[in-house]
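Asker: Before anything else, here's the structure in question.
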Amino acid sequence: MSLDTHTKLLLVLSLFCFNVVFAGESGARSADLGMEGFEQHGRGLGLSHYKGRSSHLFNVKSFGARADGLTDDSKATTNLSQYGYSAGWVEFKWVEGLILTGGGTFDGQGAKAWPYNRCPTDFNCKLLPTNVKFVGTNRTVVRSITSVNSKFFHMALVECKNFKGSKIKISAPADSPNTDGIHIERSSSVHFSRSLIGTGDDCISIGQGNSQVTITSISCGPGHGISVGSLGRYRNEGDVSGLVVRDCTITGTTNGIRIKTWANSPDRSAATNMTFENINMNNVTNPIIIDQAYCPFTSCTPMGTSQVKLSDIYFKKIKGTSSSAVAVTLECSKGIPCQDIYLEDVHLDLASGEKQATSTCKNVRAKYIGTQIPPPCA
């Protein structure tokens with residue numbers, strides 16, 4: 001089957017999703033309300049509105065879409081007033097055994113919408129649409145698709161099980177706001193591999209309530225790196241466990257491997273049993289960072305202590321270069337200090353070639369094995 005035929009099929013599938021599957025919900029509250037977007041329990045993704053409430057369905061063909069390969073359908077799909085809060089441009093919900101492939105491209109035309117993104121400054125911002133969203137799917141395969149210039153997140157998973165994604169290409173400018181590549185929340189048995197992600201926010205973000213997530217052979221950059229969190233901002237958040245990130249390359253990002261939790265957490269939760277192994281860092285600002293006083297806003301309320309317990313975390317064979325003097329930051333919660341943090345064979349030089357990078361630690365006694373450059377915290 002030719003690439004053109006694949007693309008046409010994907011366009012037809014998109015229109016089907018708009019006609020039958022697409023739902024825009026109003027009234028849900030935003031999630032991370034700044035840099036992450038989707039991490040509020042149940043509400044951030046509008047999930048509470050999917051169950052037990054009617055959806056606002058609309059047909060993009062009524063707004064001028066033709067799907068004839070000739071007509072410019074952008075006006076039919078970029079009218080933001082038609083999209084509900086935290087909606088998706090294309091959504092798949094409660095599907096068993098879905099396979100999405102074919103080499104097509106989801107072009108979010110985000111440059112037209114980014115000026116309307118108020119999340120970096122507005123606590124109660126309205127979330128722009130995600131390019132492709134999966135809600136409650138089981139045994140899903142996504143392969144060889146491309147997402148460019150999403151209005152908000154490129155791809156999001158919510159309450160999905162047995163999800164496999166590979167050979168995915170994601171691209172947006174480094175300064176595009178909140179264009180996370182892949183966001184995963186309240187999902188289990190998820191595996192993403194062999195993908196290229198360059199965007200304006202996290203290449204991959206692992207939110208609350210996830211278990212058994214494996215990320216392998218990802219090329220990340222530009223962006224904010226591969227992140228766990230942010231966690232601990234809302235009540236009733238689920239724990240994170242069983243995360244493996246392995247054999248990845250991170251280039252020119254503001255962070256490499258990052259774990260971030262909010263101070264003033266309203267409830268206790270935990271992130272445990274996580275391994276980051278064989279990661280190459282190329283000119284990354286914060287190659288390894290734990291930040292339990294995370295706040296993306298220019299001003300925050302007085303900080304308390306994070307109630308997210310971090311434990312059994314392994315950084316193994318992390319090597320490359322740091323663009324900042326501090327290559328390893330372990331800033332844990334004063335209320336619940338980190339436990340069992342291991343660094344094994346870490347070798348991070350300054351990209352400038354001058355002097356040696358350093359480490360900084362708070363409320364943690366990390367355990368060190370093998371090579372340690374920069375030297376361990378005193």
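The values are calculated or read from the model by the stated rules, or taken from the named source; none is laboratory data. Being a predicted model, the structure only gives us computed values, none of them experimental. A quick note on method: Cβ atoms are made from the backbone with ideal geometry, for glycine too, and the neighbour counts reach across all protein chains shown. Accessible surface areas use protein heavy atoms only, side chains included; no ligands, DNA or RNA. Shrake-Rupley method; radii C 1.70, N 1.55, O 1.52, S 1.80 Å.
Asker: Per residue of region 156-173, what does 6.51 cos²θ - 1.76 cosθ + 1.60 with θ = phi - 60° give for ³J(HN,Hα)? Whole Hz please, x for Gly and Pro, Karplus curve as stated.
Answerer: 9, 10, 9, 6, 9, 10, 6, 10, 10, x, 8, 6, 9, 10, 10, 8, 7, x
Asker: How large, in percent, is the carbon and sulfur part of the accessible surface of region 78-223 at a probe radius of 1.4 Å?
Answerer: Carbon with sulfur: 51 percent of the solvent-accessible area.
Asker: How many angstrom lie between the C-alpha centres of region 266-285 and region 292-346?
Answerer: 8 Å
Asker: Suppose R0 equals 22 Å. What FRET efficiency, 1/(1 + (r/R0)^6) with r the Cβ-Cβ distance, do Tyr368 and Thr214 give to the nearest 0.05?
Answerer: After rounding to 0.05, the efficiency reads 0.30.
Asker: Right, next: Kindly provide the trypsin sites (Lys or Arg not before Pro) of region 176-263 that DSSP labels as loop, not H, G, I, E or B, and whose Cβ sees at most 16 other Cβ atoms within 10 Å.
Answerer: Arg235
Asker: May I ask you to evaluate 6.51 cos²θ - 1.76 cosθ + 1.60, the Karplus curve with θ = phi - 60°, for each residue of region 276-284 and list the ³J(HN,Hα) values in order in whole Hz, giving x for glycine and proline?
Answerer: Listing the rounded values in order: 10, 9, 6, 10, 9, 10, 10, 6, 9 Hz.
Asker: In what order, largest first, do Lys169, Lys316 sit by accessible area if the probe radius is 1.4 Å?
Answerer: Ranking Lys169, Lys316 by accessible area, largest first, yields Lys169, Lys316.
Asker: Whole number in Å², please: accessible area per residue of region 90-373, 1.4 Å probe, ligands, DNA and RNA not counted.
Answerer: Solvent-accessible surface per residue comes out at 37 Å².
Asker: Could you grab the relative contact order for region 90-373? Cα pairs under 8 Å, six or more apart, rounded to a whole percent.
Answerer: RCO, region 90-373: 11 percent.
Asker: Between Glu96 and Thr358, what is the FRET efficiency for a Förster distance of 56 Å, r being their Cβ-Cβ separation, to the nearest 0.05?
Answerer: 0.65
Asker: Per-residue HN-Hα couplings for region 200-215, Karplus 6.51 cos²θ - 1.76 cosθ + 1.60 at θ = phi - 60°, whole Hz, x for Gly and Pro?
Answerer: x, 9, 4, 4, 9, 10, 9, x, 6, x, 9, 9, 6, 10, 10, 10
Asker: Shifting gears a bit: Ignoring any ligand, DNA or RNA, what whole percent of the accessible area of region 291-378 comes from carbon and sulfur when the probe is 1.4 angstrom?
Answerer: 49 percent
Asker: Answer rounded, prolate or oblate for region 90-373, using the Cα gyration tensor with square roots of eigenvalues a ≥ b ≥ c: rounded when a/c is under 1.5, else prolate when a/b is larger than b/c, else oblate.
Answerer: Since a/c stays below 1.5, the shape of region 90-373 is classed as rounded.
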